[in-house]
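The values are calculated or read from the model by the stated rules, or taken from the named source; none is laboratory data. In this text, all values refer to a predicted model and were calculated from it rather than measured experimentally. Note: ideal-geometry Cβ built from the backbone for every residue, glycine included; neighbour counts use all protein chains shown.
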Amino acid sequence: MNQDRREFLGTALMTIVAAKLGMTEARNSFGSVKQIDAGLLNVGYVEDGPANGRPVMLLHGWPYDIHSFEEVAPLLAAKGYRAIVPHLRGYGTTRFLSNDTFRNGQPAALALDIVALMDALKIEKAVIAGFDWGARTAAIMAALWPERCKAIVSVSGYLIGSQAAGKIPLPPDAELQWWYQYYFATERGRAGYEKCRHELAKLIWQLASPKWNFTDATFDRSAGSFDNPDHVAIAIHNYRWRLGLAPGESRFD
């Protein structure tokens, strides 16, 4: 691995980890959100850095949004990278182009969204970096579309999901950590998330990063992204699919 690649991976990985673990407090603000038709979606995204810079896709997880990277993108831009940060399907200003499209939260569908976005932006190959849902997306892209990946930075591990593995019970203390997935498996959980999506998201922030003393302003900056009309449907389907409780699309089988 050359020095330039090591420098990028070190900068990106440590900064994403810091954001995920609550070691930093957001201080910067992105510019205007751009929109572009890509695949099934009209994708909202921000970017930083030179237009001809080496492209980096920065992918957020649940329940977060593009602001997870508002300190990462300027660091990469300063190194000459073109940092592109999209709202995933069901977040922010990203919208489905058709009301009839299945609101699929299946991980492979999210990965295909990023391939489509790269096509729309005329990007042949990029570094794919992310955490949580974004980490899973990066890993799936590396497995299914390796020709589109210059490198990946996957925080939370290499998480290509397996429905079969998801049926294997874990020790009780590990199961406790996934309480919200079982909550979402019920109609009560779906209705509860629909009604209290901001409150539930803030609770997840607190539980996932107990040392992160984020301000209301920091949370509110991301919370607006959860008001997307497809957010609840995508989140619920994602977790139900992972537990084998909801079908996906046959093209991803």
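Can you give me the ranges of the helices (runs of 4 or more DSSP H) entirely in the stretch 174-220 with at least 2 residues that are closer than 23 Å to SER68 by Cβ?
Numbers: elements: 179-184, 187-195, 197-208.
In the stretch 174-220, the matching helices (runs of 4 or more DSSP H) lie at 179-184, 197-208.
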The lone condition LYS150 fails out of (1) of a type outside the set (S, T, N, Q); (2) assigned to a strand (DSSP E or B); (3) out of contact with any helix residue (DSSP H, G or I) (no Cβ under 8 Å at 6 or more places or on another chain); (4) within 28 Å of TRP212 (Cα to Cα) is (4)
The correct count of residues that are aliphatic (A, V, I, L, M) and loosely packed, with under 12 Cβ neighbours inside 10 Å in the stretch 172-190 is 2
(1) crowded, with 16+ Cβ neighbours inside 10 Å; (2) within 18 Å of the chain's Cα centre (by Cα) all hold for ASP220 apart from (1)
Taking the stretch 33-75 and keeping residues in a helix (DSSP H, G or I) and more than 22 Å from ASP220 (Cβ to Cβ) leaves LEU75
Of the residues in the stretch 199-217 that are modelled with pLDDT of 95 or more and within 17 Å of the chain's Cα centre (by Cα), the one that is farthest from SER162 (Cα to Cα) is LYS202
Answer with yes or no whether LEU110 is part of a helix (DSSP H, G or I) and either closer than 25 Å to LEU243 by Cα or hydroxyl-bearing (Ser, Thr, Tyr) (or both).
yes
* To do: For the stretch 114-135, state whether one or more residues are among the acidic types (Asp, Glu) and not in a helix (DSSP H, G or I).
  => yes
